[in-house]
Amino acid sequence: MTLLYTEVEEELRAAVRDLLTDTCPPSAVLDRAGSAAAGGTPYDAELWKALARDIGVAGLLVPEELGGAGASAREAAVVLEELGRAVAPVPFLSSAVLATQALLVAGGEVAGELLGRLATGEATAALAVSFAASPYAPPAPVASLGEDGTVTGTVTGVIGAEAADVLLVPVRLAQGVGLCAVETSPTVQGSAEEAVRVTTVTSLDLTRPIATVEFASAPARIVARAEGLELPWVWEALARGAGLLASEQLGVAEWCLTTTVAYVKERRQFARPVGSFQAVKHRLADLWLEVVGARAAARNAAALLAEAPAAGPLGDEAAVAVAVAQAHCGAGAGHAAEECVQLHGGIGMTWEHPAHLYLKRAKADQIGLGTPGDHRDALAGPADLPAPM
């Protein structure tokens with residue numbers, strides 16, 4: 001196993017970065033964030049279409065026989081790094097990672113059909129669980145499946161729901177639990193607009209809104225069933241998603257460091273560049289060490305996730321790598337964003353500069369899929385780590 005980037009990964013990075021540079025500059029993200037603050041949506045449908053269909057990122061984790069790229073977590077991690085650098089308002093994490101992983105673990109005919117739609121970019125999906133849910137304490141299903149095949153219930157804190165064509169809902173069954181697919185467009189019997197209500201709520205990160213999803217007798221298809229109360233599809237999606245989220249946090253931290261170093265070289269005080277002052281040098285040197293450590297932790301998690309079977313249990317070694325990556329990258333991205341805002345001075349606190357978007361993304365990611373504290377607690381002993389399926 002190597003933590004270095006392969007030639008294929010670098011080519012993928014270049015393609016994604018070039019597209020984001022051309023179509024998703026900071027000014028465009030600021031405009032969309034401002035629109036979201038006024039009640040609009042930050043979701044960039046055209047950018048997602050280009051990423052999903054032209055570059056093929058939507059189906060990276062989907063097997064080739066289902067129409068995907070058959071790639072691994074390493075390639076998905078590279079994409080997340082670049083999306084983190086741009087705080088791009090697209091549903092890659094919610095659809096191409098969390099929902100896709102849940103479907104891969106579930107398996108079956110319905111999952112295969114949905115994965116084919118996701119791989120081509122024809123549809124997007126979202127896993128209807130709270131973004132704040134921890135893989136060490138997966139949430140119990142709060143919705144239920146009736147005898148008539150409809151889902152009823154309310155789920156809060158869902159990411160990607162406002163852009164999803166399909167919602168994957170953990171449900172209570174008469175016996176055991178299940179995972180259901182609910183279409184949000186009126187392609188099923190009945191009115192989807194009345195059966196599924198997605199209400200975005202005020203969130204810290206305006207580039208990744210969260211929503212409350214209400215199901216009122218929404219027609220659904222059963223994707224998978226399980227006895228007892230455990231949700232293996234949800235646990236696997238949250239655990240693997242947390243490991244890949246570390247790469248997004250790495251991208252945020254690297255942008256903050258690079259941008260801040262460039263700024264302090266140009267900003268002058270007392271007839272000298274701000275970056276020439278020893279105190280600033282020390283702070284940035286410490287930050288560089290944190291970012292290097294974050295890169296090693298994120299790459300290790302991605303590499304071990306890539307070696308784990310796509311539809312099988314994660315395994316202890318990969319679970320430890322995920323916990324280490326999140327414990328380090330979550331705190332590191334937050335610190336990098338804080339230093340970025342502070343060392344930019346007054347401009348860093350204004351809407352004219354994108355620094356605050358990175359601070360908000362870093363802080364929101366810190367509580368997503370388990371806090372750094374949750375992951376540190378999981379490392380306290382083997383008994384605290386989630387057991388393989």
Checklist entry - Where the only charges are on Cβ atoms (+1 Lys, Arg; -1 Asp, Glu), what is the dipole of the chain about its Cα centre, to the nearest 20 debye? => result 1260
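Just the accessible area per residue of the chain, please: how many Å² with a 1.4 Å probe? It would help to have the intermediate numbers written out before the result.
On the way: 15950 Å² over 389 residues.
Per residue, the chain has an accessible area of 41 Å².
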Checklist entry - Tilt of helix 26-37 relative to the longest C-alpha principal axis of the chain, in degrees (0 to 90, nearest 10)? => result 50
Checklist outcome for this item: Dividing the alpha-carbon radius of gyration of region 222-356 by 2.2 N^0.38 Å, where N counts its residues, gives 1.38
Item to check | Cys180 long-range amide H proximity, modeled H, under 5 Å | outcome: Val169, Val171, Val223
Item to check | Reachable lysines from Lys281, criterion Cα separation under 21 angstrom, eight or more residues apart if same chain | outcome: Lys265
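Which shape class applies to region 26-92: rounded if a/c is under 1.5, otherwise prolate when a/b exceeds b/c and oblate if not, where a ≥ b ≥ c are the square roots of the Cα gyration tensor eigenvalues?
Working: a/c = 3.20, a/b = 2.13, b/c = 1.50.
Prolate, because a/c is 1.5 or more and a/b exceeds b/c.
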Checklist entry - Helix 316-343 sits at what angle to the longest principal axis of the chain, using alpha carbons and giving 0 to 90 degrees rounded to 10? => result 40
Checklist outcome for this item: Cα pairs beyond 21 Å in region 59-185, in percent, come to 40
Checklist entry - Counting only protein heavy atoms and using a 1.4 Å probe, what share of the accessible area of the chain belongs to carbon plus sulfur, as a whole percent? => result 55
Item to check | For region 251-290, projected area of the alpha-carbon convex hull averaged over all directions, nm² | outcome: 2.6
Checklist outcome for this item: A correct Stokes-Einstein calculation for region 157-247, using the alpha-carbon Kirkwood radius, 20 °C and 1.002 mPa s, returns a whole-number D in µm² s⁻¹ of 147
Item to check | Global geometry of region 90-140, whether rounded, prolate or oblate, following the gyration tensor of its Cα atoms and the 1.5 cut on a/c | outcome: oblate
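Answer rounded, prolate or oblate for region 1-142, using the Cα gyration tensor with square roots of eigenvalues a ≥ b ≥ c: rounded when a/c is under 1.5, else prolate when a/b is larger than b/c, else oblate.
Working: a/c = 1.55, a/b = 1.14, b/c = 1.36.
It is oblate, given that a/c is not under 1.5 and a/b is not larger than b/c.
How large, in Å, is region 285-366 by the Kirkwood hydrodynamic radius built from its alpha-carbon pairs?
Details: mean 1/r = 0.0712 Å⁻¹.
Radius from the Kirkwood sum: 14.1 Å.
Taking Cα atoms of the chain, Rg/Rh with Kirkwood Rh, to two decimals? If you can, show how the numbers build up before the last one.
Numbers: Rg = 20.6 Å, Rh = 21.1 Å.
Computed over Cα atoms, the ratio is 0.98.
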Checklist entry - Tilt of helix 355-366 relative to the longest C-alpha principal axis of the chain, in degrees (0 to 90, nearest 10)? => result 50
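According to the Cα gyration tensor, what semi-axes, each the square root of 5 times an eigenvalue, does the equivalent ellipsoid of region 206-263 have, listed from largest to smallest in whole Å?
Sorted largest first and rounded, they come to 37, 18, 7 Å.
How much mean residue ellipticity at 222 nm does the chain get from its helices, if each DSSP H run of length 4 or more adds -39500 (n - 2.57) and you divide by all residues, to the nearest 500 deg cm²/dmol?
Details: 12 runs with 183 residues, N = 389.
The helix-only estimate for the chain comes to -15500 deg cm²/dmol at 222 nm.
The values are calculated or read from the model by the stated rules, or taken from the named source; none is laboratory data. Here the structure is a predicted model, which means the values were calculated and not measured. Here the Cβ is made from the backbone with ideal geometry for all residues, glycine too, and neighbour counts use every protein chain on show. Ligands, DNA and RNA are excluded from the accessible area calculation, which covers all protein heavy atoms including side chains. Shrake-Rupley method; radii C 1.70, N 1.55, O 1.52, S 1.80 Å.
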